1. Checking L12 against (1) hydrophobic (A, V, I, L, M, F, W, C); (2) at pLDDT 85 or above; (3) closer than 28 Å to W74 by Cβ, which test does it fail?
2. Which of the residues that make up the range 48-102 are surrounded by 10 or more Cβ atoms within 10 Å (Cβ to Cβ) and among the polar types (S, T, N, Q)?
3. Count, please, the residues in the range 38-47 that happen to be open to solvent by less than 90 Å² (accessible area, probe 1.4 Å), farther than 15 Å from L27 by Cα and not charged (D, E, K, R).
4. For the range 22-72, which positions are charged (D, E, K, R) and within 14 Å of the chain's Cα centre (by Cα)?
5. Just to be sure I understand the filter: pairs with C-beta atoms under 8 Å, separated by 6 or more residues or on different chains, first member in the range 85-104 and assigned to a loop (DSSP other than H, G, I, E, B), second member at pLDDT below 90. Which pairs pass?
Amino acid sequence: MAKIMNNVRVLLDLPDHPAGRRTGMALPLAMHIILEHVPLERRGFMVGVSTMTTCFAPAIGPTYGGVILHEFNWNQIFLFLVPVLACSFVTGIISIPQRRIGQRTGFKFKFMESHRYD
């Protein structure tokens with residue numbers, strides 16, 4: 001989307017809420033993957049690495065953007081991320097084991113059993 005914008009002002013006027021919503025969905029999913037697939041003795045390390053990368057990205061992002069903006073056009077900042085995203089996607093597909101989900105057991109609300117609405 002940012003590549004097709006004709007000026008920076010249009011890009012800056014777009015609301016930042018979608019990025020926050022995506023981050024709010026991605027972080028719990030990443031923690032779920034860590035807690036489900038990492039052995040118990042390595043979980044603390046992996047949660048630390050995940051948290052470190054989450055905190056490191058906003059710190060290094062402006063510097064990265066500044067260097068790229070100094071050397072190239074502002075639209076190219078987003079093009080430099082395409083190979084990084086592609087490598088991340090392929091690495092995730094290869095390294096995260098895929099499991100089949102068995103039969104769903106359902107969930108019963110115990111407090112609802114005493115109340116019948118006939």
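The values are calculated or read from the model by the stated rules, or taken from the named source; none is laboratory data. Keep in mind that this is a model prediction, so the values were computed, not measured. FYI the Cβ positions are ideal-geometry reconstructions off the backbone, even for glycines, and counts take in every protein chain you see. Just so you know, the surface numbers come from the protein's heavy atoms only, side chains and all, with ligands and any DNA or RNA stripped out. Shrake-Rupley method; radii C 1.70, N 1.55, O 1.52, S 1.80 Å.
1. Here L12 meets the rest and fails (2).
2. S50, T51, T53, T54, N75, Q76, S88, T91
3. Qualifying residue count for the region: 3.
4. The one that is charged (D, E, K, R) and within 14 Å of the chain's Cα centre (by Cα): R22.
5. Note: pairs meeting the criteria are I96/I33; I96/H37; P97/H37.
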